[in-house]
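These notes concern the structure reproduced below.
What follows is calculated from the coordinates using simple rules that are stated; it is not laboratory data. Predicted model, so just to flag it, every value in this text is computed and none were measured.
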Amino acid sequence: MTRPSDQDGVGELRSRHLPSKRRMTDEFEESMQRHAKDMKSWLIDRGLLLLTSVVLAGVAWATIHYLGESYFPVSTTVLIVVLLVENWRLHKLLREHGISTRWHKRAKDKS
C-alpha cells in the first residue's frame, strides 16, 4: 500500500527539499573554504596594518631625530599650510555648487 503523500507527489517533493548528507557535507566544505579565505584576508589585513604602523613610527622617529629642535616649528608650519590649502579647496567646491562661503550671507538667504 502506498502512502498518501507518495500518491500526490509530495513525498518526492519533500525528499528533494530535505538536505541529504552529501549536500550538507558539500555545503559545510564550501563554508569552511569561505571561512579560510576570510581568515586569510583578515590575517593579511592585520599584517599590513602592523607593517604600516612600524613604517610610520620609523618615519616619525627619523623626522624628529634629524630635525631636532626645529621639528615643532617645521611641523606646525606644514600643518598650517595644509589646512589653508584644504580650506581654499573646500571654498572653491562650495562656490562651484553655488553655495555662499560666508555664514552671515547664508543666514540672510534662509530668512
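What length, rounded to one decimal in nm, is gained on full extension from A62 through to S31, with 0.36 nm per residue of separation minus their alpha-carbon distance? Intermediate results must be reported in sequence, preceding the final value.
Details: separation 31, 0.36 × 31 = 11.16 nm, distance 4.64 nm.
Result for the pair: 6.5 nm of gain on full extension.
Segment R89..D45, full-extension length gain: 12.6 nm, with 0.36 nm per residue of separation and the alpha-carbon distance subtracted. Backbone phi angles across the range 46-52, fed through the Karplus curve with coefficients 6.51, -1.76 and 1.60 (θ = phi - 60°), yield HN-Hα couplings of 5, x, 5, 5, 5, 4, 4 Hz in residue order; Gly and Pro are listed as x.
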